[in-house]
Structure formats: C-alpha cells, structure tokens
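The values are calculated or read from the model by the stated rules, or taken from the named source; none is laboratory data. As the structure is a prediction and not an experimental result, all values here were calculated from the model. Cβ atoms come from the backbone with ideal geometry, glycine included; neighbour counts cover every protein chain shown.
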Amino acid sequence: MYQSLAEPITTLIDSGATENFIDYRTVVKYRLGTQKLPQERKILNVDGMENRAGLIKHCIHLYIKSGDQQK
C-alpha cells in the first residue's frame with residue numbers, strides 16, 4: 001500500500017544521455033537567454049532515429065546551484 005507524501009520530492013533519473021537538452025517551452029517559461037550555435041546539430045533518439053523536433057539551433061549556459069555548490 002502506498003501513502004501520499006506531505007512534501008513533494010525532487011528526483012533525478014539517469015537516462016544515460018551524453019548531453020543535456022532543454023525543451024524550448026521550458027526556455028520560454030523561465031525566460032532563459034539563448035545563443036545561436038555556430039553550426040546546427042542533429043539529434044538522434046535512443047533508437048538511432050532522428051529526433052522529429054528537428055535540429056538544435058540554439059544553446060544556453062545554465063548554472064545550477066545545489067546547497068553551496070554551483071555547476
């Protein structure tokens with residue numbers, strides 16, 4: 001039997017990805033500044049197929065703070 005928790009829990013799942021990607025809706029929602037990539041990048045899904053969202057054309061530099069650490 002499962003009980004609901006009083007507080008939300010944040011978790012990180014290791015997807016095995018070798019790069020980090022952020023959905024454009026998240027970029028818009030949080031008003032993250034982007035930079036145009038010098039060369040567009042093709043993204044392949046886990047199954048080797050091209051991602052249907054198309055090429056990656058922009059990047060962001062995102063700094064994450066956890067406790068006293070910033071990366």
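Name the residues in the range 21-49 that are among the β-branched types (Val, Ile, Thr), under 12 Å from the mean Cα position of the chain (by Cα) and modelled with pLDDT of 85 or more, would you? Can you show your working first?
Taking the range 21-49 first, the residues among the β-branched types (Val, Ile, Thr) are 22, 26-28, 34, 43, 46.
Those left that are additionally under 12 Å from the mean Cα position of the chain (by Cα): 22, 26-27.
Within the range 21-49, THR26, VAL27 meet the criteria.
Based on what the data block shows, is ARG52 loosely packed, with under 10 Cβ neighbours inside 10 Å, at pLDDT below 90, of a type outside the set (A, V, I, L, M) and out of contact with any Cys (no Cβ under 8 Å at 6 or more places or on another chain)?
Spelling it out, ARG52 is indeed loosely packed, with under 10 Cβ neighbours inside 10 Å, at pLDDT below 90, of a type outside the set (A, V, I, L, M) and out of contact with any Cys (no Cβ under 8 Å at 6 or more places or on another chain).
Inside the range 31-44, can you point out the residues that are surrounded by fewer than 10 Cβ atoms within 10 Å (Cβ to Cβ) and part of a loop (DSSP other than H, G, I, E, B)?
Here is the first cut: in the range 31-44, the ones surrounded by fewer than 10 Cβ atoms within 10 Å (Cβ to Cβ) are 31, 33, 35-36, 38-39, 42, 44.
Within the range 31-44, ARG31, GLY33, LYS42 qualify.
With the structure loaded, tell me whether THR18 is modelled with pLDDT of 90 or more, under 15 Å from the mean Cα position of the chain (by Cα) and polar (S, T, N, Q) or whether it fails that test. Write out each step before concluding.
Details: modelled with pLDDT of 90 or more: no; under 15 Å from the mean Cα position of the chain (by Cα): yes; polar (S, T, N, Q): yes.
It is false that THR18 is modelled with pLDDT of 90 or more, under 15 Å from the mean Cα position of the chain (by Cα) and polar (S, T, N, Q).
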